[in-house]
Structures are given as C-alpha cells and as structure tokens.
Amino acid sequence: MAAAAPPPPPTAAPEPNMVPPLTSPIGHPIFSRIRLATPSDVPFIHKLIHQMAVFERLTHLFSATESGLTSTLFTSRPFQSFTVFLLEVSRSPFPTTITSPSPDFTPFLKTHNIDLPIEDPESYNFSPDMLNDVVVAGFVLFFPNYSSFLSKPGFYIEDIFVREPYRRKGFGSMLLTAVAKQAVKMGYGRVEWVVLDWNVNAIKFYEQMGAQILQEWRVCRLTGDALEAFDQVNI
C-alpha cells in the first residue's frame, strides 16, 4: 500500500504589525487653553499665588486675600494695567468659539500628547465647573512698564507659575510665549521678569527660551514699614 502523503508544512506566522493604525491615539492627549482671567477666577488666582509662595519659600511674605485681589486686579481694561492669563487643561477639546473679555486677545488652544496620564490630587480645588474636567493648571500676571532707552512700553511679569503635576510638559513655555506674543502684537519693546538665584531649573528654562539673565542688576524694593515711613518725610 502506498505510503500516506506527508502533512503540508506549517504556515508561517504573519509578521506583527508594529506600526499603529493612523486612528490610534498617541500617548495620552491633554488639551490646554490660555485665556484672560475674570473676577470670577479670583479664588483660583489666590490659591495659585499661595502655592507659588510655598514653592519659593516665601510664605512669610504672603498676605494676599481674595477681596484684595478682586479690588485691585480688575480695575481697568486688559493690558492697560494688571492682566492675568489663566492656563486651563482638560481631557476633552476646548470649544474653538469663546467670547474673550478683550477684543485684543484670542485664547490660545493646544493639544499635548504625553506619555503618562497626569495625576492631580488637588484638581477639585482648581475646577471652575465641577460638571466638566477643566482644571486650572497655572497663571501669569503682568502689567505695562516703560523703557526710556527704547522709548517704548513693555510688559513686566510679576508672577508666572505652573502647578506641580503640570510642570516639564511645555505649559510654562506656553504662558511665557502668550505674554511675548501680546507684547509683539502691541508694538512693545521688551518683556522682563526676575528669577530667584537658587532656582537653577527656571534659569535654564528661561535661557532656553531666549531670555538674557542680567547678572549685574539687583532688585531694589521699598515695602511695609520702610515704605510707610515716607509718608512722614518732607520733600
């Protein structure tokens, strides 16, 4: 009897497809928006300033109150005096149509793809609306100054701060860029701020952004009792 035919050779396993389909998400997308702050944002601004004071080891100088911020921050049009940009993040896209408090500013929107989801245990303290997942992640406070050498106005950044869970992800660069772009738009000549000498990470970041660190300049400040004493000085 003829021998049985040998079984067919096994079919080679298909090569795994190492390239994800174009429709697959890359990492963990997070959406961000920079917008003008309004008086209703004062509770978040107050918390952000306090967290900044803790980070900078300057809580002994912190005496700001929500009522004080409300009565001083929003007394004039944006960019004419004190102005605050808020950085917000969300797991869902922000609407592209939003009414801005100023016709001179359009909110910035950006999508970030990060490797791991962001864990923010304090998000409930920084949510403007508990019905959605928008969270306030940082801010920048600035106001006009003037350069006699340039014969042009500029912006002075008093505070720029990103909350800890959102650092090293490009959000600080967004805030600084938003102020610089507004200065260019308005024909201003420069943007200035100060940085603590021990904050080497911030110094390196600012240098990478193109900022010049002026080593030869020192900040002079009159405040508290030293300032009040001038009320009794005859000119």
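Would you tally the residues in the stretch 52-70 being among the hydroxyl-bearing types (Ser, Thr, Tyr) and part of a helix (DSSP H, G or I)? Lay out the reasoning, then the answer.
Here is the first cut: in the stretch 52-70, the residues among the hydroxyl-bearing types (Ser, Thr, Tyr) are 59, 63, 65, 67, 70.
Subset that is part of a helix (DSSP H, G or I): 59, 67, 70.
Result for the stretch 52-70: 3.
Answer with yes or no whether PHE205 is part of a strand (DSSP E or B) and either surrounded by 15 or more Cβ atoms within 10 Å (Cβ to Cβ) or at negative phi (or both).
Details: part of a strand (DSSP E or B): no; either surrounded by 15 or more Cβ atoms within 10 Å (Cβ to Cβ) or at negative phi (or both): yes.
So PHE205 fails the test.
From ILE49, ILE34, grab the single residue that is within 29 Å of LEU109 (Cα to Cα), assigned to a strand (DSSP E or B), among the β-branched types (Val, Ile, Thr) and at pLDDT 95 or above. Lay out the reasoning, then the answer.
Values: ILE49 fails: assigned to a strand (DSSP E or B).
Residue meeting the stated conditions: ILE34.
Does ARG168 satisfy being at pLDDT below 95, closer than 30 Å to PRO43 by Cβ and either part of a helix (DSSP H, G or I) or not hydroxyl-bearing (Ser, Thr, Tyr) (or both)? Spell out how you get there, then give the answer.
Values: at pLDDT below 95: yes; closer than 30 Å to PRO43 by Cβ: yes; either part of a helix (DSSP H, G or I) or not hydroxyl-bearing (Ser, Thr, Tyr) (or both): yes.
Against the criterion (at pLDDT below 95, closer than 30 Å to PRO43 by Cβ and either part of a helix (DSSP H, G or I) or not hydroxyl-bearing (Ser, Thr, Tyr) (or both)), ARG168 qualifies.
Of all the residues that make up the stretch 74-117, how many are in contact (Cβ under 8 Å) with a residue 60 or more places away in the chain and under 29 Å from PHE155 (Cβ atoms)?
Residues that pass the stated criteria total 22.
Please state which one of VAL162, VAL140, VAL135, VAL179 is under 25 Å from ALA53 (Cβ atoms) and touching a Ser or Thr at 6+ places or on another chain (Cβ under 8 Å). Give the derivation first.
Values: VAL162 fails: touching a Ser or Thr at 6+ places or on another chain (Cβ under 8 Å); VAL140 fails: touching a Ser or Thr at 6+ places or on another chain (Cβ under 8 Å); VAL179 fails: touching a Ser or Thr at 6+ places or on another chain (Cβ under 8 Å).
Step by step, each of VAL162, VAL140, VAL135, VAL179 is checked, and only VAL135 is under 25 Å from ALA53 (Cβ atoms) and touching a Ser or Thr at 6+ places or on another chain (Cβ under 8 Å).
Select from the stretch 208-229 the residues that are outside any loop (DSSP other than H, G, I, E, B) and open to solvent by less than 80 Å² (accessible area, probe 1.4 Å) and write down the one among them that is nearest to GLY170 (Cα to Cα). Show your work before the answer.
The first filter runs over the stretch 208-229 and keeps only residues outside any loop (DSSP other than H, G, I, E, B), leaving 208, 224-229.
Next cut, open to solvent by less than 80 Å² (accessible area, probe 1.4 Å) only: 224, 226, 229.
On the way: GLY224: 36, ALA226: 40, ALA229: 44 Å.
Of everything passing the filter in the stretch 208-229, GLY224 is nearest to GLY170 (Cα to Cα).
For the stretch 71-160, which strands (runs of 3 or more DSSP E) that fit wholly inside it have 2 or more residues that are closer than 16 Å to GLY172 by Cβ and open to solvent by 20 Å² or more (accessible area, probe 1.4 Å)?
On the way: elements: 83-90, 108-114, 135-147.
Once the strands (runs of 3 or more DSSP E) in the stretch 71-160 are filtered for at least 2 residues that are closer than 16 Å to GLY172 by Cβ and open to solvent by 20 Å² or more (accessible area, probe 1.4 Å), what remains is 108-114.
Here is a yes/no grid of residues against (1) in contact (Cβ under 8 Å) with a residue 40 or more places away in the chain; (2) among the polar types (S, T, N, Q):
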| position | (1), (2) |
| --- | --- |
| ASN132 | yes, yes |
| VAL136 | yes, no |
| LYS152 | no, no |
| PHE155 | no, no |
| ILE160 | no, no |
| LYS169 | yes, no |
| ALA178 | yes, no |
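Those residues that are small (Gly, Ala, Ser) and either open to solvent by 20 Å² or more (accessible area, probe 1.4 Å) or not in a helix (DSSP H, G or I) (or both), I need them from the stretch 173-201; list them, please. Working first, answer last.
To start, the set of residues in the stretch 173-201 that are small (Gly, Ala, Ser) comprises 173, 178, 180, 183, 187, 189.
Selection gives SER173, ALA180, GLY187, GLY189.
Kindly indicate which of THR75, THR83, THR70 is modelled with pLDDT under 95 and among the β-branched types (Val, Ile, Thr). Quick ask: steps written out before the conclusion?
Working: THR83 fails: modelled with pLDDT under 95; THR70 fails: modelled with pLDDT under 95.
Step by step, each of THR75, THR83, THR70 is checked, and only THR75 is modelled with pLDDT under 95 and among the β-branched types (Val, Ile, Thr).
The values are calculated or read from the model by the stated rules, or taken from the named source; none is laboratory data. From a predicted model like this one, the values you see are computed outputs, not experimental measurements. Reconstructed Cβ throughout: ideal geometry from the backbone, glycine too, with neighbour counts over all protein chains shown. Side chains are part of the model used for accessible areas, which takes the heavy atoms of the whole protein and leaves out ligands, DNA and RNA. Shrake-Rupley method; radii C 1.70, N 1.55, O 1.52, S 1.80 Å.
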